[in-house]
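Quick one: the structure is below, and I'll ask about it shortly.
The values are calculated or read from the model by the stated rules, or taken from the named source; none is laboratory data. On a predicted model such as this, the values are computed, not experimentally measured, just so you know. Here the Cβ positions follow ideal geometry from the backbone for every residue, glycine too, while neighbour counts run over all protein chains shown. Surface accessibility is based on the protein's heavy atoms, side chains included, excluding ligands, DNA and RNA. Shrake-Rupley method; radii C 1.70, N 1.55, O 1.52, S 1.80 Å.
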Amino acid sequence: MARLSLAALLLAAGTGSFVAASDLLYVTSYAGTITTLDLSATSPAPNGGKVPVIKAVGSNQGCKPNPSWLTLNHAGGLLYCIDEGFAGPGGSLSAYRTHADGSLEPLGKAATPPGPVSGSFYGCKNRGFAVAHYGGSSFSTWDVSDPSNIKNLDNLNFTEPHGPKPEQTAPRPHETVLDPTGRFLIVPDLGTDLVRVFSFDSKSLQTTALPPVQAKTGSGPRHVAFAVKGPKTFMYLITELGNTIVGYEVTYEEKSIQFKEIFDIGVHGEGKPVPQSAAASEIVVSADNKFLIATSRRENSTTVPSFDDGSTPINSDPIINFSIDDSTGKLNLLQDVAAGGYFPRHFSVNKAGTRVAVGMQKDGRVVVIKRDPASGMLGEFESFANIEGEITSVIFDE
């Protein structure tokens, strides 16, 4: 059974209805909204379609104009939203109290350097928050111990030579990820073909740059995911411009982290072709560390029945599903199937491993795909929701 917040338990006791945390999805859109969807509340598909429609139970515009990323502290009932701030001069970081009915209570907001696109908690009791700034060629850190008073700690501007591709006109930090030990921050930089690495003091939250990982020239590192297999740790890098998945074996010393490349394959799997138009996007390792899922954009490799009328076929980009070898960390292709539409920018897997929620940026649609947690296999579309604007992130409330 999903863990319920205090508010949910009070509602269950007789003060009203509540929604289990695992049934809520938070979705950001460049229309300026954070939308809350309730997966337990659906209506029949329109116009003869087969996939039920998810009910929206909340909408908040406090992260506008360009919400790009959500990070959840579920235990604390806190949701943080990053605004990319296209119009400038900077972006923002805002905090919200989550409620069992899907509503969000604004707590605090801080202006940030330009172009923030991803953030991660770090440090003692998740007091720190580290942000990658794609548009600002920088990396910033924040003290979020008091969500009503978010404090800037440091801003690092990057000036390294950029890569040879047209998309690499400057350093482009694209994501911030905490490693499995909670001791290092990993920041893939699309513009410089580097994977930046930082250590930090857990109490002061001060970060220290360590030697970066050099990716293949012109590959454009985008996102990373980790898998822990007994005594072994593996990191998987997805590259947006090279359209590859690069695997690394990770080893640790007292104050350092080391990466040894073990493979470099196309996003569709070893030996599988990748269209020249492709732009690989998200990569996620399942909670049991047994499977890895990736998405690719701009392929239009297959079609699915329209979610809005059930008959007209629509183009779909792929979602690619792998198992992870326990001893070598290598990936074995399981499936290469339709993601549910065009431009699957972001997706997440629930902790039970039974659902994958995918945000179709250009279609303005969220789809939920059924998943068998034992085999890792993706199944049918469970439900969907149309949301105004370009979808940028979708996460489960858990």
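Output the residues belonging to the stretch 123-160 that are at positive phi and of a type outside the set (D, E, K, R).
If the condition is that a residue be at positive phi and of a type outside the set (D, E, K, R), then G123, N126, S137 are the ones that fit.
If you don't mind, another one. Within the stretch 291-305, is there a residue that is touching a Gly at 6+ places or on another chain (Cβ under 7 Å), closer than 30 Å to D179 by Cβ and either modelled with pLDDT of 95 or more or of a type in the set (G, A, S) (or both)?
yes
Quick check on the stretch 66-98: of everything there that is open to solvent by 60 Å² or more (accessible area, probe 1.4 Å) and more than 21 Å from the chain's Cα centre (by Cα), which residue is modelled with the highest pLDDT?
P89
Can you tell me which residues in the stretch 351-360 are crowded, with 21+ Cβ neighbours inside 10 Å and touching a residue at least 60 places away in the same chain (Cβ under 8 Å)?
Answer for the stretch 351-360, where residues must be crowded, with 21+ Cβ neighbours inside 10 Å and touching a residue at least 60 places away in the same chain (Cβ under 8 Å): R355, V356, A357, V358, G359.
Another question, if that's okay. Residues that are within 18 Å of the chain's Cα centre (by Cα), in a loop (DSSP other than H, G, I, E, B) and under 28 Å from L178 (Cα atoms): does the stretch 267-286 have at least one?
yes
Do any strands (runs of 3 or more DSSP E) lying entirely in the stretch 123-236 carry at least 1 residues that are open to solvent by less than 60 Å² (accessible area, probe 1.4 Å) and within 29 Å of A287 (Cα to Cα), and which ones are they?
It comes to 128-133, 138-143, 184-189, 194-200, 207-214, 221-229.
Take the stretch 52-65 and flag every residue that is in a loop (DSSP other than H, G, I, E, B) and open to solvent by less than 20 Å² (accessible area, probe 1.4 Å).
Passing the criteria: only C63.
Is there a residue in the stretch 328-350 that is under 16 Å from the mean Cα position of the chain (by Cα), surrounded by 19 or more Cβ atoms within 10 Å (Cβ to Cβ) and closer than 20 Å to S43 by Cα?
No: zero hits.
Let me ask something else about it. Just for the stretch 305-327: of the residues that are farther than 30 Å from F263 by Cα and hydrophobic (A, V, I, L, M, F, W, C), which one is least open to solvent (accessible area, probe 1.4 Å)?
F307
Residues being part of a strand (DSSP E or B), touching a Phe, Trp or Tyr at 6+ places or on another chain (Cβ under 8 Å) and charged (D, E, K, R): count how many of those fall in the stretch 86-122.
Here the count works out to 1.
If you don't mind, there's one more thing I want to ask. Any chance you could count how many residues in the stretch 366-384 are within 14 Å of I395 (Cα to Cα) and either among the polar types (S, T, N, Q) or surrounded by fewer than 21 Cβ atoms within 10 Å (Cβ to Cβ) (or both)?
0
Considering only residues that are of a type outside the set (S, T, Y) and over 18 Å from the mean Cα position of the chain (by Cα), which ones fall in the stretch 107-125?
Once the filter is applied, which keeps residues that are of a type outside the set (S, T, Y) and over 18 Å from the mean Cα position of the chain (by Cα), the stretch 107-125 yields L107, G108, K109, A110, A111, P113, P114, G123, C124, K125.
Kindly indicate whether T251 is among the β-branched types (V, I, T), at pLDDT 95 or above, within 19 Å of D154 (Cβ to Cβ) and exposed (fewer than 15 other Cβ atoms within 10 Å of the Cβ).
no
Now for a different question. For the stretch 343-352, state whether one or more residues are assigned to a loop (DSSP other than H, G, I, E, B), more than 24 Å from W69 (Cα to Cα) and in contact with a helix residue (DSSP H, G or I) (Cβ under 7 Å, 6 or more places away or on another chain).
Checked against the condition, which is being assigned to a loop (DSSP other than H, G, I, E, B), more than 24 Å from W69 (Cα to Cα) and in contact with a helix residue (DSSP H, G or I) (Cβ under 7 Å, 6 or more places away or on another chain), the stretch 343-352 yields no hits at all.
Could you check the stretch 176-201 and list, in sequence order, the residues that are hydroxyl-bearing (S, T, Y) and in contact with a strand residue (DSSP E or B) (Cβ under 8 Å, 6 or more places away or on another chain)?
Those that are hydroxyl-bearing (S, T, Y) and in contact with a strand residue (DSSP E or B) (Cβ under 8 Å, 6 or more places away or on another chain): T176, T181, S199.
OK, next. Being within 17 Å of A227 (Cβ to Cβ), surrounded by 18 or more Cβ atoms within 10 Å (Cβ to Cβ) and of a type outside the set (S, T, Y): is that true of V246 here?
Spelling it out, V246 is indeed within 17 Å of A227 (Cβ to Cβ), surrounded by 18 or more Cβ atoms within 10 Å (Cβ to Cβ) and of a type outside the set (S, T, Y).
Here is a list of conditions, (1) in contact with a Gly (Cβ under 8 Å, 6 or more places away or on another chain); (2) surrounded by fewer than 23 Cβ atoms within 10 Å (Cβ to Cβ); (3) within 21 Å of P188 (Cβ to Cβ), and P116 meets all of them except one; can you say which number that is?
(2)
Could you please give the count of residues in the stretch 137-182 that are touching a residue at least 60 places away in the same chain (Cβ under 8 Å) and of a type in the set (V, I, T)?
3
Follow-up. With respect to the numbered conditions (1) touching a Leu at 6+ places or on another chain (Cβ under 9 Å); (2) in contact (Cβ under 8 Å) with a residue 40 or more places away in the chain, which one is the sole condition not fulfilled by F234?
Going through (1) touching a Leu at 6+ places or on another chain (Cβ under 9 Å); (2) in contact (Cβ under 8 Å) with a residue 40 or more places away in the chain one by one, F234 breaks only (1).
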